[in-house]
Amino acid sequence: MLHLIGKQIGLGICVVLTAITLTFFMVRLSGDPTAQILPQDATVEQRHALQKQLGLDQPVPQQYLHYMEGAASGNFGNSYFDGETVTAIIMRRLPNTVVLACASLALALVFAIPLGLLAATRRGGGLDRAVQVVSVIGVSVPSFWMGLLMIQVFAVGFGWLPTYGIGGWQHLVLPTLTLALYVFPSITRLTRSSMLEVLPAGYVNAARAKGMPERRVIFRTVLRNGIVPVLALTALEIGTLFGGAVLTETVFSWPGIGRLAIESIQRRDFPIIQGVVAYVAVIFAVVTVLVEIIIRIVNPRLRQA
């Protein structure tokens, strides 16, 4: 178990370093940020002075080494526009994204796993067909379009919920539903297919032969052995939620790190963009390690292996 955890931590560190490195070099291909900071009538001398102040006059490899040295100690620099530290800006927005992502994932799991399990145990029935149709439709609909549809129906049409911003629980409903519908289809389909693989297994028939109640067979034997791929997918969907949150937060004006990333890209605020990617990569790596541990706890055979 310790060897596995160490291996996953090593892979997580590689993922984080790769994400930071790619982002660092890609944002520098987007143009000169001083064109956004200075007025249009700024002189060449003023532009050069600002580049020197921001450290952009140095060779890119030297900028990279300097940035990684600071990132290793948790210093991601300061915003080009606000002058505030990147960590302080992100930590103001990150809780909003975490709340939205956790609420969406919880809502999706509450419906996806039971429906996938029921569809597998009643294969070929009306519920099975309905779950497959809904899953296909859900995969085909872009998240931003679903968000706009939600606003049109529930906010503009019925006037039940607010259209944008953050505040009470009412502001959380539409963004949560939009993101939940974004990840619901894949989890439901994988749950169904995973349970269908487990149902004909010999140990399931043996449990029934021993006189174990059908409900106990389904929830203790079938679900416990078939849930492993679903847990692995859930870890990946957390990254999908943060990616989908970029569009969803923009549609609903939700002040999270997804919207912060879009704003920073538009004005070429390099430190903020790099900081957002770094934080999301670290969160994804930590979640992956935790899910691997949970999978071993749920399935004793993997833990013994």
The range 82-144 and the range 186-265: distance between their alpha carbon centers, rounded to Å: 9 Å
Subtracting the Cα-Cα distance from 0.36 nm times the residue separation, let me have the gained length for Ala209 to Gln46 in nm, one decimal. 50.4 nm
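Extension gain Leu290-Phe219, at 0.36 nm per residue separation less the Cα-Cα distance, in nm? List each step's numbers first, then the result.
Values: separation 71, 0.36 × 71 = 25.56 nm, distance 2.28 nm.
Computed gain between Leu290 and Phe219 is 23.3 nm.
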Applied in sequence order to the range 29-35, the curve 6.51 cos²θ - 1.76 cosθ + 1.60 (Karplus, θ = phi - 60°) yields integer Hz couplings, x standing for Gly and Pro, of 8, 7, x, 8, x, 5, 5
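Using alpha carbon coordinates only, what is the Rg to Rh ratio of the range 93-304, with Rh defined as the Kirkwood radius? The partial results should precede the final answer.
Details: Rg = 19.6 Å, Rh = 18.8 Å.
In the range 93-304, Rg relative to Rh is 1.04.
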Give, rounded to the nearest 20 debye, the magnitude of the charge dipole that the range 41-169 has about its Cα centre when Lys and Arg contribute +1 at Cβ and Asp and Glu contribute -1 at Cβ. 720 debye
When a footprinting reagent is the concern and you count Cβ atoms within 10 Å, what order do Ser186, Ser30, Ser104, Ser253 take, fewest first? Ser30, Ser253, Ser186, Ser104
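If you place +1 on the Cβ of every Lys and Arg, -1 on the Cβ of every Asp and Glu, and leave all else neutral, what size is the dipole of the range 93-304 about its Cα centre, to the nearest 20 Debye? Walk me through the numbers before you get to the answer.
Working: 18 positive and 8 negative charges, 181 e Å.
About 860 debye.
In deg cm²/dmol and to the nearest 500, what is the mean residue ellipticity at 222 nm of the chain if only DSSP H runs of at least 4 residues count, each as -39500 (n - 2.57), divided by the residue total? Don't skip to the end; give the middle numbers.
Values: 14 runs with 223 residues, N = 305.
Counting only the DSSP helices, I get -24000 deg cm²/dmol.
Laboratory data are not the source of any read-out in this text; all were calculated from the coordinates shown. All of these numbers come straight from a predicted model, not from anything done at the bench. We place every Cβ from the backbone using ideal geometry, glycine too, and count neighbours over all the protein chains shown.
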